[in-house]
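> Take this structure, written in structure tokens, and hold onto it; I'll ask about it next.
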Amino acid sequence: SPQLMVESVAPSNPPPSVPASRADLVDVTAPMVGTFYRSPAPGDPSFVEVGSRIGVGQTVCILEAMKLMNELESEVSGEVVEILIENGIPVEFGQVLMRVKPS
């Protein structure tokens, strides 16, 4: 029936694209507002890279809020397939930081 026809209208200026969530991936999101750090200290290796295998409870990044360094632990084991935030960038509550393919 004609009611089922849906027009897809692309905005003329699409917002910066965050890759769409994929059903096979788990989003790791920020539990608070803070500054995202990929390593424990400047010059130290990152906690994880794209392709890293991680386990439940493993630290994947630090969120610094009010001068407190909050280690963010993974709730899933698998492989890091995307890291969406640059080191040292402020993030919002609920913002997707990285995506993990569970295994």
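> Among the strands (runs of 3 or more DSSP E) lying completely within region 48-103, list those that include at least 3 residues that are under 12 Å from T35 (Cα atoms). I'd like the intermediate steps shown before the answer.
Working: elements: 59-65, 68-73, 78-83, 89-91, 96-102.
Hits in region 48-103: 59-65, 68-73, 89-91.
> Which one is surrounded by the fewest Cβ atoms within 10 Å (Cβ to Cβ), of the residues in region 63-75 that are of a type outside the set (D, E, K, R) and in contact with a Ser or Thr (Cβ under 9 Å, 6 or more places away or on another chain)? Outline the logic, then answer.
Residues of region 63-75 of a type outside the set (D, E, K, R): 63, 65-66, 68-70, 72, 74.
Okay, now just the ones that are also in contact with a Ser or Thr (Cβ under 9 Å, 6 or more places away or on another chain), so 63, 65, 72, 74.
Numbers: L63: 20, A65: 15, L72: 22, S74: 21.
Going through the qualifying residues, I end up with A65.
> If you go through region 35-50 one residue at a time, do you hit one that is at pLDDT 95 or above and among the aliphatic types (A, V, I, L, M)?
Yes, because at least one residue in region 35-50 is at pLDDT 95 or above and among the aliphatic types (A, V, I, L, M).
> Can you tell which of V100, V81, V60 is farther than 17 Å from D44 by Cα and open to solvent by less than 30 Å² (accessible area, probe 1.4 Å)?
V100
> Mind counting the residues in region 59-76 that are polar (S, T, N, Q) and more than 15 Å from the chain's Cα centre (by Cα)? Even if it seems obvious, please write down each step before you answer.
The first filter runs over region 59-76 and keeps only residues polar (S, T, N, Q), leaving 59, 70, 74.
If we keep only those that are more than 15 Å from the chain's Cα centre (by Cα) too, we end up with 70.
Summing the residues that are polar (S, T, N, Q) and more than 15 Å from the chain's Cα centre (by Cα) in region 59-76 gives 1.
The values are calculated or read from the model by the stated rules, or taken from the named source; none is laboratory data. None of the values given here were measured: they were computed from a predicted structure. Ideal geometry is used to build each Cβ from the backbone, glycine not excepted, and the neighbour counts take in all protein chains shown. The protein model used for the area step is the full one, side chains on, heavy atoms only, and it has no ligands, DNA or RNA in it. Shrake-Rupley method; radii C 1.70, N 1.55, O 1.52, S 1.80 Å.
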